[in-house]
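Following: one structure in structure tokens, then a few remarks.
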Amino acid sequence: MSLKRQAEQRKRAKIRAAVFERDRYRCQVAARVPDAGRCFGALTPHHIKKDGQGGGYTLDNLVSACAHHNERIESDADFARACEAVGLLDTRAGRVRELMDSVDELREELDD
Ligand SMILES: [Zn+2]
């Protein structure tokens, strides 16, 4: 492993520990989303803004979430909206990109 990669991993481990500590090692989805249900699995750092949408591996952009709730945000659109309502998810950048893509598609159709 390169030195640069090792340094990056150490930095991430520190941020991850700080996120868990700030959240008192509790799943923030269960803490903030009404009727979220029980937690399962290990605590993980959940991205509020996704990596590809300008969200970094930073204290501001990460919250503690159990593996179960982290997975459910990805697989359950209604649940994701409930998380977005309490600030645990920010999909605006992704939605803007989807809109821009559909505008591009419409333009291409009009050109045909
Ligand atoms: Zn949970």
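When only residues in the range 59-81 that are in contact with a His (Cβ under 9 Å, 6 or more places away or on another chain) and polar (S, T, N, Q) count, which is farthest from the ligand (Cβ to nearest atom)?
Out of the qualifying residues, it is N61.
Scan the range 20-47 for residues that are closer than 25 Å to R95 by Cα and more than 15 Å from the ligand (Cβ to nearest atom) and jot them down.
H47
So the check is Cβ under 6 Å with 6+ separation or different chains; which pairs have a first residue in the range 1-29 that's farther than 12 Å from P45 by Cβ and a second one that's modelled with pLDDT of 95 or more and not hydrophobic (A, V, I, L, M, F, W, C)?
V29/H69
Determine which member of the set G56, G41 is out of contact with any His (no Cβ under 6 Å at 6 or more places or on another chain) and loosely packed, with under 15 Cβ neighbours inside 10 Å.
G56
Report every pair of residues separated by at least 6 positions or lying on different chains whose Cβ atoms are under 7 Å apart, first residue within the range 53-75 and farther than 28 Å from L99 by Cβ, second more than 10 Å from the ligand (Cβ to nearest atom) and acidic (D, E).
What qualifies is S64/D23.
The values are calculated or read from the model by the stated rules, or taken from the named source; none is laboratory data. Fair warning: this is a prediction, and the values are worked out from it, not measured in the lab. Methodologically, a virtual Cβ is constructed for each residue, glycine included, from the backbone with ideal geometry; neighbour enumeration extends over all protein chains shown.
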